[in-house]
Every structure is written in structure tokens, then in C-alpha cells.
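Remarks on the structure that follows.
The values are calculated or read from the model by the stated rules, or taken from the named source; none is laboratory data. Computed from a predicted model, the values in this text were never measured in an experiment. Note that we place each Cβ from the backbone using ideal geometry, even for glycine, and neighbour counts take in every protein chain shown. Accessible surface is based on the protein model in full, side chains and every heavy atom, while ligands, DNA and RNA are left aside. Shrake-Rupley method; radii C 1.70, N 1.55, O 1.52, S 1.80 Å.
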Amino acid sequence: MNVRIEPSWSSELADEFNKDYFERLTRFVRSEYASKQVFPPGHEIFAAFDATPFSSVKVVILGQDPYHDVGQANGLCFSVRDGVPFPPSLRNIFREVHDDTGAPIPVTGDLTRWARQGVLLLNSTLTVEAHRAGSHQNHGWEQFTDAVIAHLATRRSHLVFILWGSYAIRKGAFIDRTRHLVLTSPHPSPLSAHRGFFGNHHFSRANAYLQAHGQTPIQW
């Protein structure tokens with residue numbers, strides 16, 4: 001199947017695109033976009049991959065599904081379009097970045113600047129119906145993104161996987177901790193951030209690991 005995605009990912013995931021589940025997923029997603037309001041816009045479904053080629057990945061941050069309100073989702077987990085007010089989880093992420101690294105709170109919630117430095121901002125489910133959180137779960141996206149993580153975990157070395165919340169932690173349970181750095185904590189949601197997300201120092205720890213393995217740190 002011909003999928004419009006960054007060439008290195010197209011090559012890496014070619015077998016996945018030809019599996020039966022992905023063909024079923026494609027039919028479902030096309031039907032949803034044709035009949036309902038779905039986010040992100042179709043050309044941004046694979047924005048995380050397009051911004052961060054396979055060989056450029058240094059850090060993986062795993063989300064669950066896109067923001068489901070109008071004008072928010074741009075294909076990168078936790079990220080919103082320029083000018084959109086910060087959702088609560090993103091606000092807490094920026095607070096931890098500031099407390100951990102001293103970086104100022106940014107004026108934009110668009111995390112493309114992270115993606116272009118090698119941070120793969122991967123949602124487990126890449127699409128969602130408007131105002132219906134989780135509506136596209138269990139249609140095949142999870143199997144696809146499991147395969148993405150597996151390819152990175154087995155074909156690359158010394159990556160940083162940042163897993164916030166029980167869902168992400170379960171999804172990354174198979175990653176070899178002797179080959180990669182896996183950072184886990186509660187989710188940045190206001191419901192759980194005070195139970196260990198704040199003060200996790202994931203951003204400085206990620207950079208220390210990258211530098212220890214000869215890579216440039218992320219400008220968070």
C-alpha cells in the first residue's frame with residue numbers, strides 16, 4: 001500500500017503497510033474523514049513521522065490520542081497549533097521543563113521545534129472524531145504504533161523513551177532497558193501530575209543520556 005509518509009519511515013514500515021489490519025484501518029479512517037469531523041487534518045496524520053525521520057530520532061514521547069477539540073491537534077502528541085491556548089497537560093509539561101532545565105515557558109504550544117531536533121511525538125492512536133476522546137481506539141492504530149516502537153527499539157540504540165502514565169508505560173514495557181533509556185512517571189494531566197510527574201526531571205535526564213552517548217541535547 002502506498003502511504004504518504006516521510007521516505008525513511010515508508011521504507012522502514014513497508015511490511016506493516018501491506019498487512020491486512022492496516023488495510024482495514026485505512027478503510028475505517030477514510031470512511032470517518034468522509035462522513036464526520038476528524039482530527040488532525042488528513043495531511044497531518046503522519047506529521048510526527050514527517051518531522052522526525054527514522055534515523056533522526058533521539059527521543060520518543062508517547063501520547064494516547066490527538067486532542068479532539070476544533071483547531072487543536074496538529075499530528076504531534078501533546079502539541080497544539082500556534083496561538084491555541086495550552087491544554088492542561090501541555091501547561092504542566094512546560095512547567096516541568098522550566099523547573100527542570102530553566103528554559104522559559106514558550107509562547108506557543110506547537111512542539112514542531114522539538115520534533116525537528118529528533119523528538120518523535122507519537123500518539124498511540126493517530127486520529128480521533130471531534131469531541132469524542134478515544135473514538136478511534138481499537139481499529140488498528142495501536143498495532144501500527146506498537147510496530148513503530150518495536151522498529152525503533154530493535155534497530156536503533158541509545159534512544160530515550162519517555163512514558164507518562166500507565167497506558168504509555170504498558171505500551172513500552174517490552175523495550176530493552178539495557179539498550180535504551182526508558183523514563184516513566186505519572187501522566188502530566190492535572191489529575192495525576194502532582195503524584196510524581198512534577199519533579200521527574202525527565203528533560204534533563206534525557207539530555208544527560210544523549211550527551212553521554214555522543215549526541216547533542218534537545219533544546220526543550
Exposure ranking of Y209, Y21, Y167 by accessible area [1.4 Å probe, largest first]: Y167, Y209, Y21
Estimated distance in nm for a label pair at S35 and R170, the labels positioned 7 Å out from Cα along Cα-to-Cβ: 2.8
GNM flexibility winner over the chain from T108, T145, T52 (Cα, springs under 10 Å): T108
Lys, Arg +1 and Asp, Glu -1 on Cβ, resulting dipole of region 72-130 about Cα centre, debye, nearest 20: 120
Residues whose placed amide H lies under 5 Å from that of V128, excluding near-sequence neighbours: F39
Within straight-line cross-link reach of K58, lysines at Cα separation under 21 Å, skipping those fewer than 8 residues along the same chain: K171
Förster radius 22 Å - calculated FRET efficiency between A212 and S55, Cβ distance, rounded to 0.05: 0.65
Segment R113-T154, length gained on full extension (0.36 nm per residue, minus Cα span): 12.1 nm
Cα gyration tensor shape of region 116-220, rounded if a/c is under 1.5, else prolate or oblate by comparing a/b with b/c: oblate
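Under the classification rounded if a/c is under 1.5, otherwise prolate if a/b is larger than b/c and oblate if not, where does region 48-158 fall, given a ≥ b ≥ c as square roots of the Cα gyration tensor eigenvalues?
oblate
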Additional length obtainable on full extension of the chain from H131 to D99, 0.36 nm per residue less Cα span: 8.3 nm
Net dipole in debye of region 1-103 [+1 Lys, Arg Cβ; -1 Asp, Glu Cβ; about Cα centre; nearest 20]: 260
Dipole moment magnitude, nearest 20 debye, the chain about Cα centre, only Lys, Arg, Asp, Glu C-beta charged: 320
